[in-house]
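Notes follow once the structure below has been shown.
The values are calculated or read from the model by the stated rules, or taken from the named source; none is laboratory data. Since the structure is predicted, the reported quantities are computational estimates derived from the model, not experimental observations. With ideal geometry, Cβ positions are generated from the backbone for all residues, glycine too; neighbour counts draw on all protein chains shown.
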Amino acid sequence: MKTIDADPKIAQAELQFLPLCVPEIRGNEWEYVKECLDTGWVSSVGSYVERFESMVAAQAGTKYAVATVNGTSALHIALLVAGVQPGDEVLVSTLTFIAPVNAIRYAGAWPVFIDAEPEHWQIDPARVSEFIERDCDWINGVLRNRHTGRRISAIVPVHILGHPVDMDPILAVARKYDLKVIEDSTEALGSTYRGKSPGSLGDIGCFSFNGNKIITTGGGGMIVTNREDWAKKAKYLTTQAKDDPIEYVHGEIGYNYRLVNVLAAIGCAQMEQLESYVAKKRKIADRYAHGLAGVAGIEFMKTADWAESTYWMYSILINPEPYGMNSRRLLKHLDSLKIQTRPLWQPGHLSPAHAQDQHISLPVAEDLVKRGLSLPCSVGLTEAEQDRVIDGICGAGH
Ligand SMILES: Cc1ncc(COP(=O)(O)O)c(C=O)c1O
């Protein structure tokens, strides 16, 4: 890490680019990948795929895991396995990366966007109940949206930014109305909700291991569940639905979604490091919380007392009046210091791809997106680099 010297132009030129979140490769990745290459087991069959599945199932606390090419395909298959039908509606967090919403459309179903709660920024269970009570009819064991006439078959709570969703009230409402719960636990690997891992709380859970996740396979995903029949169905659908692999008989429309061994090998090496990565993320969060405490106009996500967050992504809220600029101006300012930050995602209900005719306002998510900014938080972030971010933020406001 270079210190700033007398000439600000030279100092600026010498500053290293500080990315938002990059992978940390420091364990057995090379060794395991080399073994795949040396033995020729590089494709969709191989011992690392099964080992990776066992490791993720153990972490999630589920009996079964099925590896997929990415998290989006895991969500697609989980929705199919859970019985979501074309024309159904699925309740989903509006404040999420778009993948689970896209997956709902791949299944031919329609997303119904639910607002976030303001404390922990997760899907708001009160808004789920409110929607069901205000806008739905429960007739002959089927929940229907009174306005569209469509069946509501599932809920996809997305645990965002490393913090779990408050699942108990979601599960209670789901049981009451026979809705399947498909957790998108992608951003919460390593966190706990009342001592249990996201992914194991609903009927089926999904993870992604893309490049910015707490552990990565480059690209990869996983479905986890306690239901043997669902796990079998997920494996069947992700491997082209082969009924007879010799005669090439396919009983259903299947998908080529199986993770390859060479990427699973990276996943195994990464999973070996998960505990230390989570510890590092928590340390980073703690340093940001201390370093930015007392800065006028900066707010933090609260951690619920029932949650152990991983702080996978460290995000803050900027209140323009007291701080002196809004979140997007701060983003540009930090960019000029070669510090990469990013807003939260455009909420699903405002997405041009998904808004359709739902002209609704979900004010909590909209406000969080307006004010939110995620800060560099790679596992490999040094204290000196983190100080650059803290100084950049402290120096930019009033
Ligand atoms: C919450 C969430 N779900 C799903 C995905 C999609 O995973 P993938 O990129 O592996 O398809 C991501 C991130 O990419 C995500 O953040």
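A few remarks follow.
- Evaluating SER361 against the criteria (1) within 27 Å of GLU14 (Cβ to Cβ); (2) free of Cβ contacts under 8 Å to residues at least 40 places away in the same chain; (3) among the polar types (S, T, N, Q) leaves one unmet condition, (1).
- Some residue of segment 294-303 being under 21 Å from LEU381 (Cα atoms) and either in contact with a helix residue (DSSP H, G or I) (Cβ under 8 Å, 6 or more places away or on another chain) or not β-branched (Val, Ile, Thr) (or both): yes
- Given (1) in contact (Cβ under 8 Å) with a residue 12 or more places away in the chain; (2) over 17 Å from LEU79 (Cα atoms), index of the condition GLY149 fails: (1)
- Conditions (1) touching a Leu at 6+ places or on another chain (Cβ under 6 Å); (2) among the aliphatic types (A, V, I, L, M); (3) at pLDDT below 95; number of the one not met by ILE298: (3)
- Residue within segment 239-252 that is among the hydroxyl-bearing types (Ser, Thr, Tyr) and under 27 Å from LEU381 (Cα atoms) present: no
Yes/no matrix, rows are residues, columns are (1) more than 15 Å from the ligand (Cβ to nearest atom); (2) among the aliphatic types (A, V, I, L, M); (3) at positive phi:
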position: PHE97; (1), (2), (3): no, no, no
position: TYR106; (1), (2), (3): no, no, no
position: ARG134; (1), (2), (3): yes, no, no
position: LEU143; (1), (2), (3): yes, yes, no
position: SER153; (1), (2), (3): yes, no, no
position: ILE170; (1), (2), (3): yes, yes, no
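- Matching option when the condition is in a loop (DSSP other than H, G, I, E, B) and among the small types (Gly, Ala, Ser), among ALA365, ALA296, ALA289: ALA296
- Meets criteria (in contact with a Leu (Cβ under 8 Å, 6 or more places away or on another chain), over 30 Å from LYS34 (Cβ atoms) and assigned to a strand (DSSP E or B)) for LEU317: yes
- Only listed residue being at pLDDT 95 or above, β-branched (Val, Ile, Thr) and assigned to a loop (DSSP other than H, G, I, E, B), chosen from ILE160, ILE104, ILE170, ILE152: ILE160
- Meets criteria (modelled with pLDDT of 95 or more, assigned to a loop (DSSP other than H, G, I, E, B) and crowded, with 16+ Cβ neighbours inside 10 Å) for LEU344: yes
- Counting residues in segment 181-190 that are over 30 Å from TRP30 (Cα atoms) and surrounded by fewer than 24 Cβ atoms within 10 Å (Cβ to Cβ) gives one or more.
- Meets criteria (buried (at least 24 other Cβ atoms within 10 Å of the Cβ) and assigned to a helix (DSSP H, G or I)) for ALA78: yes
- When segment 57-75 is filtered for residues that are part of a helix (DSSP H, G or I) and within 17 Å of GLY218 (Cβ to Cβ), the ones remaining, listed by number, are GLY71, THR72, SER73, ALA74.
- Residue count, segment 108-120 (criterion: crowded, with 24+ Cβ neighbours inside 10 Å and within 16 Å of the ligand (Cβ to nearest atom)): 4
- Check on SER54, within 17 Å of LYS232 (Cα to Cα), among the polar types (S, T, N, Q), away from the ligand (no atom under 16 Å from the Cβ) and not in a loop (DSSP other than H, G, I, E, B): yes
- Strands (runs of 3 or more DSSP E) (entirely within segment 177-258) containing at least 1 residues that are within 16 Å of the ligand (Cβ to nearest atom) and within 13 Å of the chain's Cα centre (by Cα): 180-184, 204-208, 221-225
- Residues of segment 339-385 that are basic (Lys, Arg) and farther than 20 Å from GLY211 by Cα: LYS370, ARG371.
- Residue match in segment 237-256 (condition: out of contact with any helix residue (DSSP H, G or I) (no Cβ under 8 Å at 6 or more places or on another chain), among the hydrophobic types (A, V, I, L, M, F, W, C) and closer than 25 Å to GLU187 by Cβ): no
- Sole residue being under 18 Å from LEU75 (Cβ atoms), touching a Pro at 6+ places or on another chain (Cβ under 8 Å) and either free of Cβ contacts under 8 Å to residues at least 12 places away in the same chain or of a type in the set (Val, Ile, Thr) (or both), chosen from THR238, THR216, THR225: THR216
- Selected residue (criterion: farthest from ASN145 (Cα to Cα)) from residues of segment 57-94 that are within 10 Å of the ligand (Cβ to nearest atom) and of a type in the set (A, V, I, L, M): VAL69
- Residues of segment 195-215 satisfying the condition of being more than 20 Å from LYS63 (Cβ to Cβ) and surrounded by fewer than 21 Cβ atoms within 10 Å (Cβ to Cβ): ASN210, GLY211, ASN212
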